[in-house]
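*Asks:* First the structure, then my questions, so here it is.
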Amino acid sequence: MMRIASAAAVLVALAVPSAAQEAPALTIAEARASMAGAWEGQLKYLDYSSGKWEGIPVTVTVTLEGDRNTLTRRSVFDDGPRVGNVFITGMSMLGADGVTEYNSGFRAGRTPWFEAATLTLAAATDASHWTIIAVREAEDDNRPARIRETTTRDGASLVTLKEVDFLDDAGEEWFSRNRTVLTQAGQ
């Protein structure tokens, strides 16, 4: 009788998942939504001759729209005395599959763009601590490329690293193109 009760308890434990197994700590949608707010920091690029990261100040405002899915991102940075302030406005939404993000962007003097990326939630503990990897195919430096953007939120810090693998050469070789290092405004 004791063996039957013990066996039954084991079967019940196996059949009923724990709360940790039922749902992930955070979804891609929740991580995306947590970017809403004002951010400030630097847009950095790798100086290939020195191997050092150089940066220019940037401010970013992300708005989570009323549908709780669409994000509007407004970025402003000073591109030097010849160009002056650059304003980029982007909109993105998560597709019904929960992993495809559709993006459009607008910058004066450039053709507007529309693209789709596949998102992976690489790590997450809560809405302030996560990493999302976005991969898409597009052009970079007028060449066909696979582009990988790794965005990591660590509390009031938000860092996105853009890496590129050109598709018109042999093999797979990723190199860093730029990164945005932001802190929540007022933090």
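The values are calculated or read from the model by the stated rules, or taken from the named source; none is laboratory data. Since this is a predicted model, take the numbers as computed values, not measurements. Positions of Cβ are generated from backbone atoms using ideal geometry, with glycine treated the same way; all protein chains shown enter the neighbour counts. We work out accessible area using only protein heavy atoms, side chains counted, and drop any ligands, DNA or RNA first. Shrake-Rupley method; radii C 1.70, N 1.55, O 1.52, S 1.80 Å.
*Asks:* Quick check: is even one residue across the stretch 105-125 surrounded by 14 or more Cβ atoms within 10 Å (Cβ to Cβ), closer than 16 Å to residue 182 by Cβ and of a type outside the set (Phe, Trp, Tyr)?
*Replies:* no
*Asks:* A further question on this structure: Suppose we filter 121, 158 for residues that are closer than 26 Å to residue 186 by Cα, under 15 Å from the mean Cα position of the chain (by Cα) and at pLDDT 95 or above; which single one remains? Lay out the reasoning, then the answer.
*Replies:* Working: 121 fails: closer than 26 Å to residue 186 by Cα.
From the options 121, 158, the qualifying one is 158.
*Asks:* Restricting the first residue to the stretch 124-140 and requiring it to be closer than 13 Å to residue 163 by Cβ, which pairs with a second residue that is of a type in the set (Lys, Arg) and assigned to a strand (DSSP E or B) meet a Cβ separation below 8 Å and a spacing of at least six or different chains?
*Replies:* Listed by first residue and then by second, the contacts come to 133/148; 134/148; 135/146; 135/148; 136/146; 140/177.
*Asks:* Looking only at the stretch 51-85, how many residues end up being surrounded by 14 or more Cβ atoms within 10 Å (Cβ to Cβ) and modelled with pLDDT under 95?
*Replies:* Total satisfying the criteria: 3.
*Asks:* In the stretch 61-118, what residues are in a loop (DSSP other than H, G, I, E, B) and either within 19 Å of residue 37 (Cα to Cα) or in contact with a helix residue (DSSP H, G or I) (Cβ under 8 Å, 6 or more places away or on another chain) (or both)? It would help to see each step written out before you state the result.
*Replies:* So the first thing to find is which residues in the stretch 61-118 are in a loop (DSSP other than H, G, I, E, B), and the list is 65-70, 79-84, 95-99, 108-112.
The answer is 65, 66, 67, 68, 69, 70, 98, 99.
*Asks:* Quick one: residue 16 ticks every box in (1) open to solvent by 70 Å² or more (accessible area, probe 1.4 Å); (2) modelled with pLDDT of 90 or more; (3) of a type outside the set (Phe, Trp, Tyr) except a single one, so which number is it?
*Replies:* (2)
*Asks:* Filter the stretch 164-187 down to the residues that are outside any loop (DSSP other than H, G, I, E, B) and more than 19 Å from residue 147 (Cβ to Cβ) and list them by number. Steps first, answer last, please.
*Replies:* Of the stretch 164-187, the ones outside any loop (DSSP other than H, G, I, E, B) are 164-166, 175-184.
Once the filter is applied, which keeps residues that are outside any loop (DSSP other than H, G, I, E, B) and more than 19 Å from residue 147 (Cβ to Cβ), the stretch 164-187 yields 182, 183, 184.
*Asks:* For the stretch 28-60, what are the residues that are more than 15 Å from residue 128 (Cβ to Cβ), without any contact (Cβ under 8 Å) to a residue 60 or more places away in the chain and not in a strand (DSSP E or B)?
*Replies:* Listed by number, the residues that qualify are 48, 49, 50, 51.
*Asks:* Go through the stretch 156-187 residue by residue and tally those that are touching a Leu at 6+ places or on another chain (Cβ under 6 Å) and either buried (at least 16 other Cβ atoms within 10 Å of the Cβ) or among the basic types (Lys, Arg) (or both). Spell out how you get there, then give the answer.
*Replies:* The initial filter retains those residues of the stretch 156-187 that are touching a Leu at 6+ places or on another chain (Cβ under 6 Å), namely 158, 176, 179-180, 182.
Right, trim to either buried (at least 16 other Cβ atoms within 10 Å of the Cβ) or among the basic types (Lys, Arg) (or both) and you get 158, 179-180, 182.
Qualifying residue count for the region: 4.
*Asks:* Specify the residue that is nearest to residue 118 (Cα to Cα); the eligible residues are those in the stretch 142-162 that are part of a loop (DSSP other than H, G, I, E, B) and not hydrophobic (A, V, I, L, M, F, W, C). Steps first, answer last, please.
*Replies:* First, the residues of the stretch 142-162 that are part of a loop (DSSP other than H, G, I, E, B): 142, 155-156.
Applying the additional criterion that residues be not hydrophobic (A, V, I, L, M, F, W, C) yields 142, 155.
Details: 142: 22, 155: 24 Å.
Once the filter is applied, the top-ranked residue is 142.
*Asks:* Could you list, in sequence order, all residues of the stretch 139-155 that are out of contact with any helix residue (DSSP H, G or I) (no Cβ under 8 Å at 6 or more places or on another chain) and open to solvent by less than 30 Å² (accessible area, probe 1.4 Å)? Spell out the reasoning first.
*Replies:* To start, the set of residues in the stretch 139-155 that are out of contact with any helix residue (DSSP H, G or I) (no Cβ under 8 Å at 6 or more places or on another chain) comprises 139-152, 154-155.
Within the stretch 139-155, 140, 145, 147, 151, 155 meet the criteria.
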